[in-house]
1. Enumerate by residue number the chymotrypsin sites (Phe, Trp or Tyr not before Pro) in the stretch 79-172 meeting two conditions: DSSP loop (anything except H, G, I, E, B), and at most 15 other Cβ atoms within 10 Å of the site's Cβ.
2. Provide the solvent-accessible area of I30, counting protein heavy atoms only and rolling a 1.4 Å probe, rounded to the nearest 10 Å².
3. Separation between the A14 and R190 pseudo-spin-labels, each 7 Å from Cα along Cα→Cβ, expressed in nm?
4. How large is the direction-averaged shadow of the alpha-carbon convex hull of the stretch 13-84, in nm²?
5. Residues of the stretch 24-38 with amide nitrogen under 18 Å from the 7 Å Cα-to-Cβ point of L173?
6. How much accessible area does M84 have with a 1.4 Å probe, in Å² rounded to the nearest 10?
7. Report, to the nearest whole %, how much of the accessible area of the chain belongs to carbon and sulfur atoms, 1.4 Å probe, protein only.
8. With labels modelled as points extended 7 Å from the Cα through the Cβ direction, what inter-label distance (nm, one decimal) is found for T154 paired with L183?
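The values are calculated or read from the model by the stated rules, or taken from the named source; none is laboratory data. Just so we're clear, the structure is a prediction, and the values are computed from it rather than from any experiment. Please note: Cβ atoms are built from the backbone with ideal geometry, for glycine as well, and neighbour counts cover all protein chains shown. Ligands, DNA and RNA are stripped out before the accessible areas are found, and what is left, the full protein with its side chains, is counted by its heavy atoms. Shrake-Rupley method; radii C 1.70, N 1.55, O 1.52, S 1.80 Å.
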Amino acid sequence: MTGRVALKSTDPVAGYAATSAFAMSMRASIETGNVAEFVGRAVPTARLRAEMVIPVVGGRFVSTHGTFELFRSGPGLDGKPARMMVYTAELVNDDRRIRMCATKYLQPSWHPWGDSTTAHVTLTEISVRADGARPWCAAGLIKISPRNFLVQLTTMRGFGEGSTWKQRRRAVLTYADFFVRGLLKTYLQRVRW
């Protein structure tokens, strides 16, 4: 995912539009130990590993730990009920630490592609600076292109010690079915579940 963020911004939309915004990219890996358990939870939660590149603020940051929540309920951008895809992580670059929250808002509209591929990002430096400088914050939007989305689909894998190829394939299809059904419920049935 690539996009733009602006320093001293706490509003992702304003940060993305700011003339002072600069490039940011993020790669993420989501891991769950048991797909059936994952899709059965009220709020499906999995481990997130992320790498973020922002040349202007020091280059490459890698997550120490993170969380991905799928279809979490909460207020949408318009204040009405929505489902969200939430990515949170603490990222490190040497002794510098950043807290990242990226949220995709899914709510009935005619914009399913934009909603499900655009993340509203906030970044907050949480490390204590030896030079006494104040921690910085930034906000903006990152998006995945159609081409990169298709590439992402080819990277989905089922794993498990002792599992057969059929079981691994079933795990991927179970997740895909759950995800597509959630999108259909939101965008075709127009349900604010």
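1. Details: sites: Y87, Y105, W110, W113, W136, F149, F159, W165; in loops: W110, W136, F159.
Answer by residue number: W110, W136, F159.
2. 80 Å²
3. For the pair A14/R190, the computed spacing is 3.2 nm.
4. The orientation-averaged projected area of the Cα hull of the stretch 13-84 comes to 6.4 nm².
5. Zone members listed by number: 35-37.
6. 10 Å²
7. 56 percent
8. Label at T154, label at L183, 1.8 nm between them.
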